[in-house]
Every structure is written in C-alpha cells, then in structure tokens.
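K.L.:
Just passing along the structure, written as structure tokens.
Just so it is clear, none of the values below were taken in a lab; they were calculated from the coordinates. This structure is a prediction, so every number in the text was calculated from the model and none was measured. Neighbour counts run over all protein chains shown; Cβ positions are idealised from the backbone, glycine included.
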Amino acid sequence: MTARILEKEGAIKASKELVFENIAVEGYEQVIKISNKKTKLNAIIAIHNTKLGMALGGIRIQPYKTFNDALMDVLRLSKGMTYKSAIAGVGFGGGKSVIIADPKTAKTEELLLSFGEAVEALNGRYICAEDMGCTVDDVMTIRRVTKYVTGLPSDKSSGDPGRFTAWGIYRGMQSALKKIYGQESVKGRKVAIQGLGNVGLHMLEYLFWQGADLILSDIDEEKAKKMALKYGAKCVTPSEIYKVECDIFSPCAIGGILNDETIPQLRCKAVVGCANNQLLKEDHGKMLKNKKILYAPDFVVNAGGLFNVSAEVLKDGYNPIAPRDQTDRVFDGLIAIYEIADKNNISTNEAAIQLADYRIQYGIGKRQETPYFPNI
C-alpha cells in the first residue's frame with residue numbers, strides 16, 4: 001500500500017481549529033488525517049469500502065512511534081472491518097480510526113470532543129465505536145457532538161460488546177476442535193491465551209467453567225499471575241507463550257503477531273483469537289496451513305462485537321437476543337470456511353477473503369434500511 005499526503009489539494013477546515021487533509025491510498029475510498037493544535041488531536045480516519053453500507057469501526061488510541069506506523073495500522077484495521085462486515089452480513093462497510101496519543105496520559109475530554117466533531121463532519125460515512133485505548137465512557141463523550149457512535153452504555157444501547165466478542169471466540173474454538181478432533185468440547189483441552197484485556201477476561205470465564213486447561217500470558221505479568229491464581233491456570237512470560245504445547249493458541253492482544261519469527265515457534269493445533277490482523281502478511285496464512293495449524297480467520301471469529309453494535313441501530317431498538325444468536329452461528333460460518341479451504345486446497349484465510357470479496361462484488365447483505373441512531 002502506498003500513500004501520500006495531499007498537503008494543499010483536498011485540505012479543508014471543518015471549523016476554525018479542526019483541519020482535514022486527504023491522504024490518497026490505492027484501494028481505499030477515503031483516508032483523512034485530522035489535526036487540531038488547540039486540543040492536540042492527531043488522528044486518522046480510514047474508510048476502506050462502503051459498497052454494503054456505511055463504514056463502521058472502532059477508535060484505537062495508541063502512542064504510535066511514527067505517523068506512518070499509525071497510518072499502516074488504520075489501513076490494515078479498516079480493510080479487516082470490510083471483510084468482517086461482509087462475512088457477518090450486517091450491512092456495513094469497513095472503516096477504522098486511530099488517535100495518536102497515550103490513552104493513559106494524553107486522553108482528554110477536549111481531544112475526544114474534537115475527534116467527535118471530525119466524525120460529525122463526515123456526515124455518517126464513518127460510524128465509530130470503542131476499541132483498544134478507547135472506553136465506553138470515551139465514546140459517550142464523543143456522542144455529545146455526533147450521533148454516529150455505537151456501543152454506548154445507555155438503556156437504548158448495547159454498551160461494552162466484549163462479552164459478545166468473547167462468546168464468538170469461544171464458539172470459534174469449538175469449531176476448531178470439531179474440525180481437528182471430531183467433537184467440540186473444550187473440557188481437558190489446553191488453551192493458551194495471549195493478552196488478558198476485556199475480551200480475554202470474558203473468555204477465561206467461559207473456558208474455566210467448561211473445564212479447559214488454561215495457560216495465560218500478558219505484558220502485565222502481575223495481572224497474569226492474579227488471573228492464573230483465580231482460574232487455576234499456568235502462567236508463562238510473553239516470549240514463552242508462542243512455544244507452549246497446546247490445542248489452541250489464542251492471540252488476544254495486538255495484531256501482526258503471526259509472522260516469520262513466531263509461526264515456526266508455535267506448537268499448537270489451532271489458532272483462534274480475538275486480536276485484529278493477527279497475520280502480519282496474508283502469506284502467513286499459508287505458512288500456518290503448511291505447518292498443519294488450523295487458523296480461524298480473525299475477521300470471522302471476532303465478529304461478536306460487530307453483531308452486537310449493529311443491533312443498536314435498528315429502529316425497533318436494541319435487543320441482545322438477535323446478536324447473541326448471530327454470534328452463536330460463528331461456529332457454523334467457520335466450519336463452512338474450513339470446508340471451502342479444504343475443497344480448494346487454500347488457506348482458511350484465503351477462503352474467508354474470497355467469500356468476503358464475493359459478497360461485496362454481488363452486494364450480498366447490502367444494507368436496505370438507514371441506520372437509526374436513538375437519542376440518549
């Protein structure tokens with residue numbers, strides 16, 4: 001992917017302080033750098049594809065080392081959202097945003113409101129939600145200046161979608177076990193979880209009560225030790241987690257962790273996790289296939305949160321039953337993708353991308369109703 005900032009052409013001002021600069025990126029509908037010197041906002045919104053509906057995706061707040069690092073991340077994430085939405089059939093396109101800031105020290109009310117003003121200026125082309133470094137309280141702040149927000153903690157909204165994402169991962173694990181062993185029970189199966197964030201902690205609950213043998217790792221080693229004690233799990237260091245012999249390796253932290261360096265270390269039968277963009281490159285899906293490791297494509301298995309926030313914009317109002325049932329069917333969707341991959345002798349990642357591209361090309365699942373954003 002090549003990109004260039006249009007320093008003059010396409011640079012517009014939405015208000016006195018807020019400045020938009022278009023970035024031309026091949027294959028993307030719109031990529032915008034957003035800045036506000038007064039509020040110290042430095043952000044990017046990437047809209048990859050809206051053929052099936054308005055772009056929807058979370059806000060990631062991270063202290064990227066360089067602007068290019070942030071740009072590459074938001075491009076990968078927004079493209080992944082296009083595929084995720086297409087497979088999920090929720091009638092949305094793919095978008096994502098990043099705010100270049102330390103969420104622990106630099107996230108201010110003024111910065112969030114400034115970002116919300118930018119979202120509002122796009123007039124619904126991009127709908128935002130919480131993501132890494134961005135909490136449900138943060139999106140409530142953003143909601144004060146734009147209606148194009150989902151995942152809100154109100155009686156008309158769905159709130160934190162983490163439990164739905166985690167249930168989809170759990171069902172994905174069951175699909176992998178069904179494919180490998182012929183039965184889906186996690187009882188007695190070794191599951192190695194990398195990253196104990198919101199979704200990872202929900203997964204621990206599901207796996208613990210169903211009798212899985214848990215192995216945990218997190219960059220916060222004290223947190224990992226605490227959770228290991230609570231769930232009777234084994235605790236290993238972040239560098240050791242790749243080498244653990246297990247049935248399922250579950251990446252639940254940052255993306256790009258399946259690469260030339262880590263894949264040779266893996267001693268698992270399957271990879272099923274909630275992290276976005278787990279494959280550093282698409283060819284790494286083939287590496288996993290050649291190593292006889294079953295891969296549950298991340299943009300398929302982690303769609304539970306998307307099902308949940310999509311139910312928020314229905315005119316009849318949010319009801320958790322429909323997204324619960326949709327998330328439960330992640331199992332069936334993955335089984336179908338495994339079959340496509342086997343039939344065509346391709347990686348599961350290639351199979352999922354081909355299926356998503358087919359749905360986009362022929363408008364399968366295209367949104368028929370305008371999203372409804374309730375007053376809160």
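K.L.:
By its C-alpha gyration tensor, with a ≥ b ≥ c as the square roots of the eigenvalues, how is region 162-361 shaped: rounded for a/c under 1.5, else prolate for a/b larger than b/c, else oblate?
P.N.:
oblate
K.L.:
Oh, and also: Can you put Thr39, Thr108 in order, fewest other beta carbons within 10 Å first? Could you put the intermediate results ahead of the total?
P.N.:
Working: Thr39 18, Thr108 14.
In increasing order of surrounding Cβ atoms, one gets Thr108, Thr39.
K.L.:
I'd like the FRET efficiency for Ile340 and Asn123, computed as 1/(1 + (r/R0)^6) with the beta carbon distance as r and R0 of 56 Å, rounded to 0.05.
P.N.:
Working: r = 38 Å, r/R0 = 0.68.
About 0.90, to the nearest 0.05.
K.L.:
For the chain, modelled as a GNM with alpha-carbon contacts under 10 angstrom, which of Gln326, Gln183, Gln354 fluctuates the most?
P.N.:
Looking only at Gln326, Gln183, Gln354, the biggest GNM fluctuation is shown by Gln183.
K.L.:
Hey, another quick one. Apply 1/(1 + (r/R0)^6) to the Cβ-Cβ distance of Lys315 and Ser154, taking R0 = 25 Å, and write down the FRET efficiency to the nearest 0.05. Kindly include the intermediate steps, with their values, before the conclusion.
P.N.:
Working: r = 17 Å, r/R0 = 0.66.
The computed FRET efficiency comes out at 0.90.
K.L.:
Can you sort Glu184, Glu261 so the residue with the fewest Cβ neighbours within 10 Å comes first?
P.N.:
Numbers: Glu184 15, Glu261 10.
Going from sparsest to densest Cβ surroundings: Glu261, Glu184.
K.L.:
For region 289-318, state which trypsin sites (Lys or Arg not before Pro) are in a DSSP loop and have at most 16 other beta carbons lying within 10 Å of their beta carbon. Don't skip to the end; give the middle numbers.
P.N.:
Values: sites: Lys289, Lys291, Lys292, Lys315; in loops: Lys291, Lys292, Lys315.
Sites meeting the loop and neighbour criteria: Lys291, Lys292, Lys315.
K.L.:
Using the alpha-carbon atoms, what tilt in degrees (0 to 90, nearest 10) does helix 221-231 show relative to the longest principal axis of the chain?
P.N.:
Roughly 50 degrees between the two axes.
K.L.:
Which whole-number percent is the relative contact order of region 57-209 (Cα, under 8 Å, 6+ apart)?
P.N.:
On the way: 199 pairs, mean separation 29.1, N = 153.
Across region 57-209, relative contact order equals 19 percent.
K.L.:
What shape does region 205-307 have by the C-alpha gyration tensor, where a ≥ b ≥ c are the square roots of the eigenvalues, rounded means a/c under 1.5, and otherwise prolate means a/b greater than b/c and oblate the rest? Don't skip to the answer; put the middle values down first.
P.N.:
Details: a/c = 1.72, a/b = 1.40, b/c = 1.22.
In terms of gyration-tensor shape, prolate.
K.L.:
Something else about it: What order do you get for Ser347, Ser35 when you list them from fewest to most C-beta neighbours inside 10 Å? Intermediate values should be presented prior to the final figure.
P.N.:
Numbers: Ser347 22, Ser35 18.
Going from sparsest to densest Cβ surroundings: Ser35, Ser347.
K.L.:
Related question: Remind me, relative contact order of the chain in percent, using alpha carbon pairs under 8 angstrom and six or more residues apart? The partial results should precede the final answer.
P.N.:
Numbers: 824 pairs, mean separation 57.3, N = 376.
Computed over the chain, the figure is 15 percent.
K.L.:
Next question. Have a look at Ala275, Ala352, Ala106 and tell me which one the Gaussian network model of the chain (Cα, springs below 10 Å) gives the largest fluctuation.
P.N.:
Ala106
K.L.:
Obtain the nm distance between the two label points defined at Tyr362 and Glu205 by a simple spin-label model: each point lies 7 Å from its Cα along the Cα-to-C-beta direction.
P.N.:
My value for the distance between the label points is 4.0 nm.
K.L.:
Follow-up question, since we're still on this one. Angle check, please: helix 67-88 long axis (alpha carbons) against the longest principal axis of the chain (alpha carbons), in degrees 0 to 90, nearest 10.
P.N.:
Helix 67-88 sits roughly 70 degrees off the main axis of the chain.
K.L.:
Of all chymotrypsin sites (Phe, Trp or Tyr not before Pro) in region 302-366, which ones are in loop regions per DSSP and have a Cβ with at most 12 other Cβ atoms within 10 Å? Present the calculation step by step, with values, prior to reporting the outcome.
P.N.:
Numbers: sites: Phe307, Tyr318, Phe331, Tyr338, Tyr358, Tyr362; in loops: Tyr318, Tyr362.
When the chymotrypsin sites (Phe, Trp or Tyr not before Pro) of region 302-366 are filtered for loop state and at most 12 Cβ neighbours within 10 Å, Tyr362 remain.
K.L.:
In addition: If one takes the longest principal axis of the Cα atoms in the chain, at what angle in degrees, from 0 to 90 and to the nearest 10, does the Cα axis of helix 162-181 lie?
P.N.:
Roughly 40 degrees, rounded to the nearest 10.
K.L.:
Measuring from a point 7 Å past the Cα of Lys292 along Cα-to-C-beta, which residues in region 234-276 have an amide N at less than 13 Å?
P.N.:
268-270
K.L.:
Next up: Taking Cα pairs under 8 Å and at least six residues apart, what relative contact order does region 162-361 come out at, in percent?
P.N.:
Values: 372 pairs, mean separation 44.0, N = 200.
Taking the mean separation of contacting Cα pairs over the length of region 162-361, I get 22 percent.
K.L.:
Taking loop as defined by DSSP and a crowding limit of 13 other beta carbons within 10 Å, which GluC sites (Glu not before Pro) in region 212-246 fit? Spell out each step's value before the answer.
P.N.:
Numbers: sites: Glu221, Glu222, Glu240, Glu245; in loops: Glu240.
Hits after loop and neighbour filter: Glu240.
K.L.:
Roughly how far apart, in whole Å, are the Cα centres of region 35-58 and region 111-180?
P.N.:
The distance from the Cα centre of region 35-58 to that of region 111-180 comes to 14 Å.
K.L.:
On the first, second and third principal axes, largest extent first, how far apart are the outermost C-alpha atoms of region 7-151 in Å?
P.N.:
For region 7-151, the Cα spread along each principal axis is 39, 36, 29 Å.
K.L.:
Using only the Cα atoms of the chain, each taken as one equal point scatterer with no solvent, compute I(q) by the Debye sum, divide by I(0), and report log10 of the ratio at q = 0.11, 0.12 Å⁻¹.
P.N.:
So the normalised log intensities are -0.74, -0.89.
K.L.:
Considering only Gln265, Val74, Gln368, whose Cα is most displaced toward the positive end of the charge dipole of the chain, charges sitting on Cβ of Lys, Arg (+1) and Asp, Glu (-1)?
P.N.:
Farthest towards the positive end: Gln265.
K.L.:
Once label points are set 7 Å from the Cα along Cα→Cβ at both Glu222 and Asn259, what is their separation, rounded to one decimal in nm?
P.N.:
Result: 2.9 nm between the two label points.
K.L.:
Further, regarding this structure: Given charges of +1 on the Cβ of Lys and Arg and -1 on the Cβ of Asp and Glu, with all other atoms neutral, how large is the dipole of region 268-376 about its Cα centre, in debye to the nearest 20?
P.N.:
On the way: 13 positive and 13 negative charges, 62 e Å.
Taking the Cα centre of region 268-376 as origin, the dipole is about 300 debye.
K.L.:
Once Lys and Arg get +1 and Asp and Glu get -1 on their Cβ, which of Val244, Ala166, Leu41 lies farthest toward the positive end of the dipole of the chain?
P.N.:
Looking along the dipole axis, the top candidate is Val244.
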